[in-house]
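The values are calculated or read from the model by the stated rules, or taken from the named source; none is laboratory data. These figures come from a predicted structure and were not determined experimentally. Cβ atoms come from the backbone with ideal geometry, glycine included; neighbour counts cover every protein chain shown. Surface areas here come from the heavy atoms of the whole protein model, side chains and all, with no ligands, DNA or RNA. Shrake-Rupley method; radii C 1.70, N 1.55, O 1.52, S 1.80 Å.
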Amino acid sequence: MKLTPRLQAIADKVPPGSRVADIGTDHAYIPVYLLMNHLSSNVIASDNRQGPLLAAEETLRLFGLIQAAELRLGDGLSVLTEEDQVGTAVIAGIGGETICAILQEGLELVKKGVLLVLQPMTGTALVRKWLAEKGFAILQEDIAEEEGDYYEVIVARWTGETWAGEEKVLAIGPRLIAEKHPLLGPMLQQRIGRLVEAA
């Protein structure tokens, strides 16, 4: 399966061999990719609506992977328990405020070493601020360009240490700045252009 640039950027951040939970899986494209490429041997795919979960089941059956995935209906991280031994939680394709709410509700679980791979459609700065305030270290960041739009991916894990740097750096992306990501300039130019147009 060939993923779109946005989904590929997310999948690339999943450590090989990790037990993965894809929260808000929709069509289960990421679980299928991870299973097909032997990056994960078992994936939990969840959604809070029956329709997307049925679509996910259909995709998994189409690729003959239904036995390697667990489908769960429920809100956010509430579908998981410690016994699931999830190493990586993917939360992608939804707004930053919703991601923060999901993480807040499942905070005790994700503080137990779960790697977070987050891709907010809006409010990325809000997500970074929440992570920093709650003691999560931002380990990696990436930008994917797809059909003229830019999508940010954040990889984080709880360490208990809060952010001590400048807030404006947090707003833009500390790893993106440090690593001089080639798409950071174009993405910021697009955002400024859109702000000017909206003014």
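Taking all protein chains as shown and a probe of 1.4 angstrom, Ile99 keeps an accessible surface of around 0 Å². Each semi-axis of the equivalent ellipsoid for the stretch 117-189 is √(5λ) with λ an eigenvalue of the Cα gyration tensor; in descending order they amount to 21, 12, 10 Å. Less than 5 angstrom separates the built amide H of His181 from none of the residues sequence-distant by 5 or more or on a different chain.
Listed by chain and number, the aspartates and glutamates placed with their C-alpha closer than 12 angstrom to that of Lys180 are Glu141, Asp142; residues fewer than eight positions away on the same chain are left out. Listed by chain and number, the lysines whose alpha-carbon sits under 24 Å from that of Lys111, ignoring those within fewer than 8 places in the same chain, are Lys13, Lys129, Lys134. Length gained on full extension, Leu195 to Gln140, computed as 0.36 nm times the residue gap minus the Cα-Cα distance: 17.1 nm. Considering only beta bridges that DSSP places wholly inside the chain, some 40 percent are antiparallel. Normalised radius of gyration (Cα atoms, divided by 2.2 N^0.38 Å) for the chain: 1.01. For the chain, the mean residue ellipticity at 222 nm estimated from helices alone is -11000 deg cm²/dmol, where every DSSP H run of n ≥ 4 contributes -39500 (n - 2.57) and the total is divided by all residues, rounded to the nearest 500.
I'd like to compare 81-92, 154-165, 116-127: which one has the highest average count of other Cβ atoms within 10 Å, and what's the full order after that?
On the way: 81-92: 17.8, 154-165: 15.1, 116-127: 21.1.
Result, highest mean Cβ count within 10 Å first: 116-127, 81-92, 154-165.
Only Cα sites of the stretch 1-112 enter the Debye sum here, all with the same form factor; the resulting log10 I(q)/I(0) across q = 0.11, 0.14, 0.16 1/Å is -0.30, -0.50, -0.66, listed in q order.
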